[in-house]
Amino acid sequence: MIPAKAFILIGGKSKRFGSPKWKVVIDGNTVLDRIWGSCTKFENRFVVGKEKHADLNKPFIQDELKLNAPINGLYTALKNTKTDWNLLLSCDLPLVESDIFLKLWESRNEKCDAVIPIANGKIQVTCGFYHNRILPTIEHEIQKENYRLFKLLEKLNPTFVDFGNDHRFLNMNTEKDYEEILNYITERD
């Protein structure tokens, strides 16, 4: 068991996708159910978003702020936790698996503020562990209207974990991305 909480973000407007990504079905399960299942080794799991949908049957925390940015989800998570380490995970990554989180967890150290994967040549800021001691830094960045998690990392002491080219980090932001993920799953099976 990982002594941390997992916070799964569903708060985006999904403008590029056209509908809520977390409801889309991949290989027989919704994206949210797939991601929820990958987080079973956590002490607690929560869904974070703008509003609780009637068909959402998981523990839910409403975003603390009105802004539409992943930093809002991280801020909300850290405002609602007592654990030192917390996983931030976006529904943009529907193929993540539990061994990813174990590898990240084992890579943390006393000096780092965040443990973030690098996969497919990209820093995966919405799939990482963040220490709750960074909450004042997040608050400061939000006050300055700096909403990008990439910019936040510049103010922290992150540890990066290289996953190389890994299909589990395929990002789903558009219908085309969704089709590519479905094609990948079909070819894999």
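Results, tabulated for the structure shown:
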{"read-out": "Helices (runs of 4 or more DSSP H) within the range 118-189 that include 3 or more residues modelled with pLDDT under 95 and open to solvent by 30 Å² or more (accessible area, probe 1.4 Å)", "value": "175-188"}
{"read-out": "Strands (runs of 3 or more DSSP E) contained in the range 1-86 and holding at least 2 residues touching a Pro at 6+ places or on another chain (Cβ under 7 Å)", "value": "42-49"}
{"read-out": "Criterion: free of Cβ contacts under 8 Å to residues at least 40 places away in the same chain, surrounded by fewer than 21 Cβ atoms within 10 Å (Cβ to Cβ) and under 24 Å from K151 (Cα atoms) - qualifying residue of K50, K23", "value": "K50"}
{"read-out": "Search result, residues across the range 41-92 that are aromatic (F, W, Y) and closer than 25 Å to A119 by Cβ", "value": "F42, F46, Y75, W85"}
{"read-out": "Residue count for the range 104-117, restricted to those that are open to solvent by 90 Å² or more (accessible area, probe 1.4 Å) and assigned to a helix (DSSP H, G or I)", "value": "1"}
{"read-out": "Selection count, the range 166-179, where residues are under 28 Å from A114 (Cβ atoms) and more than 19 Å from the chain's Cα centre (by Cα)", "value": "0"}
{"read-out": "Of residues in the range 95-121 being in contact with a helix residue (DSSP H, G or I) (Cβ under 9 Å, 6 or more places away or on another chain) and of a type in the set (G, A, S), the one farthest from Y184 (Cα to Cα)", "value": "A114"}
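The values are calculated or read from the model by the stated rules, or taken from the named source; none is laboratory data. Everything quoted here is computed from the prediction, not taken from an experiment. Heads up, the Cβs are rebuilt from the backbone with ideal geometry, glycines too, and the neighbour counts pull from every protein chain shown. Note: areas computed on protein heavy atoms with side chains; ligands, DNA, RNA excluded. Shrake-Rupley method; radii C 1.70, N 1.55, O 1.52, S 1.80 Å.
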